[in-house]
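Colleague: Have a look at the structure that comes next, please.
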Amino acid sequence: RGDDGASGAGGASADKAPSRAERQAAADAATRKRKAALDGATRALARAKHARAPSDSAGVTTARMRDKKLKGEVTRQEKQFAQAARQAALVERWLLPSQAGGVEAEGMEQTWRFKQQDLRAAVDAASARKAFDLALPDGPYRVDLTRSGRYALLAGGGGGGHVALMDWSRHHALCELTLREKVHDACFLHNERFFACAQRKYTYIYDSRGIEVHCLEKHAGATRLSFLPHHYLLASTGRKGLLTYQDTTCGEIVAQHRTKSGACGVLGLNPWNQVAMLGHQNGTVSLWTPNMPAAVAKVLCHRGNVLACAADPHGRYLVTAGIDCQVAVWDLRTYGKLHAYRTPTPATALE
């Protein structure tokens, strides 16, 4: 009986005290559990960081987060986001004035009588350095600027076909070409690295070094070019009376509309909605889009050939110039004439 009692006591003590292997297994299980919880918190933090939309002013809610470490990290990042937004708003308020600069005349003065020398003497030194004189004696030129306004593209020079790409802010010419044939128009593509030239027969694309990259035979006879920066479309019109849209990313012709108004020498873009504006010889201005086979609207603007047209940045007003020495302002919402001015000679360019 004594032996049985001793063995029974030893069995009870063995059941209460776990072995070394069991203790190690329990420790490993606890370690894995803590690691899994930490990984879950890290993944949740990453989801909360990347799922937050930039326009979500409320941010990420932390009311239902049980992990204190995760909750504190998210709260700290939300404070950083709010502080960055406030700083960006202050910088925009300081550096981007709500009103654009202008010239005001005093008394009997007229703004059209102001000369560049007078303006250069009235502005600061940084702005005065941007004024320069560029002599182009070989005939009329077409000028195009990049969206940033830093680079300028000049095309013209009569029958010699002079094309120049320059960084006008530094007064530095990047490339200069003499194509030995008439260049009707030129425009930048998505940036200053590529530009298109409407030459005597075809339209060509060059890079910033002046090397010919492509020949666009579908734009034959083009006299005016324009580029739609938000759609990556090159638009052209010319002697054949065709409005051609070509995708510059893949080279496919997206649309080709027949205007049925004869040769066209005026092509403008509405900056607000990228609608093409064509000026015709019968005094009308037609509005076109790539997905419509016919003109969206036609406005009888002048009694003769339309020489130039342009729209304001908000797409509300249209300014046209005709061979009848008239410059008219139109409301694009009602297509009604607002103002009309007479010039000594016909205006040939509007911007």
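The values are calculated or read from the model by the stated rules, or taken from the named source; none is laboratory data. From a predicted model like this one, the values you see are computed outputs, not experimental measurements. In this analysis, Cβ positions are derived from the backbone assuming ideal geometry, glycine residues included, and neighbour counts consider all displayed protein chains. Areas reflect the complete protein model, heavy atoms only, side chains present, ligands, DNA and RNA absent. Shrake-Rupley method; radii C 1.70, N 1.55, O 1.52, S 1.80 Å.
Colleague: How about the range 216-230: which of its residues are without any contact (Cβ under 8 Å) to a residue 40 or more places away in the chain, among the small types (G, A, S) and not in a loop (DSSP other than H, G, I, E, B)?
Modeller: A222
Colleague: So, one more: Please go through the range 231-242 and give me each residue that is assigned to a loop (DSSP other than H, G, I, E, B) and open to solvent by 10 Å² or more (accessible area, probe 1.4 Å), ordered by number.
Modeller: Passing the criteria: H231, Y232, R239, K240.
Colleague: Can you find, within the range 243-273, the residue that is nearest to F195 (Cα to Cα) among those that are within 15 Å of the chain's Cα centre (by Cα) and open to solvent by 20 Å² or more (accessible area, probe 1.4 Å)?
Modeller: Checking each candidate, the answer is L269.
Colleague: Can you tell me which residue among A321, A294, A308 is open to solvent by less than 40 Å² (accessible area, probe 1.4 Å) and touching a His at 6+ places or on another chain (Cβ under 9 Å)?
Modeller: Among A321, A294, A308, only A321 is open to solvent by less than 40 Å² (accessible area, probe 1.4 Å) and touching a His at 6+ places or on another chain (Cβ under 9 Å).
Colleague: Scan the range 176-197 residue by residue and report those that are part of a loop (DSSP other than H, G, I, E, B) and either closer than 23 Å to A220 by Cα or not polar (S, T, N, Q) (or both).
Modeller: L179, R180, E181, K182, V183, H184, L189, H190, E192, R193
Colleague: Specify which of the listed residues (A173, A155) is farther than 21 Å from A295 by Cα, without any contact (Cβ under 8 Å) to a residue 24 or more places away in the chain and in a strand (DSSP E or B).
Modeller: Of the residues listed, the single one that is farther than 21 Å from A295 by Cα, without any contact (Cβ under 8 Å) to a residue 24 or more places away in the chain and in a strand (DSSP E or B) is A173.
Colleague: Further question: Please determine whether any residue of the range 6-24 is in a helix (DSSP H, G or I), of a type outside the set (D, E), surrounded by 10 or more Cβ atoms within 10 Å (Cβ to Cβ) and at pLDDT 65 or above.
Modeller: The answer is yes, given that some residue of the range 6-24 is in a helix (DSSP H, G or I), of a type outside the set (D, E), surrounded by 10 or more Cβ atoms within 10 Å (Cβ to Cβ) and at pLDDT 65 or above.
Colleague: Which residue, of V143, V163, is modelled with pLDDT of 85 or more, open to solvent by 70 Å² or more (accessible area, probe 1.4 Å) and not polar (S, T, N, Q)?
Modeller: Just one listed residue meets the conditions, V143.
Colleague: Filtering the range 324-351 down to residues that are open to solvent by 40 Å² or more (accessible area, probe 1.4 Å) and among the aromatic types (F, W, Y), which residue is farthest from S226 (Cα to Cα)?
Modeller: Y341
Colleague: Right, something else. Tally the residues that are under 18 Å from A235 (Cα atoms), open to solvent by 20 Å² or more (accessible area, probe 1.4 Å) and part of a strand (DSSP E or B), restricting the search to the range 198-212.
Modeller: Of the residues in that region, 1 qualify.
Colleague: Name every residue in the range 243-255 that is out of contact with any Pro (no Cβ under 6 Å at 6 or more places or on another chain), among the hydroxyl-bearing types (S, T, Y) and in a strand (DSSP E or B), in order of residue number.
Modeller: T244 - this is the single residue of the range 243-255 that is out of contact with any Pro (no Cβ under 6 Å at 6 or more places or on another chain), among the hydroxyl-bearing types (S, T, Y) and in a strand (DSSP E or B).
Colleague: Would a scan of the range 248-256 turn up a residue that is without any contact (Cβ under 8 Å) to a residue 40 or more places away in the chain and under 23 Å from L318 (Cβ atoms)?
Modeller: For the range 248-256, residues without any contact (Cβ under 8 Å) to a residue 40 or more places away in the chain and under 23 Å from L318 (Cβ atoms): present.
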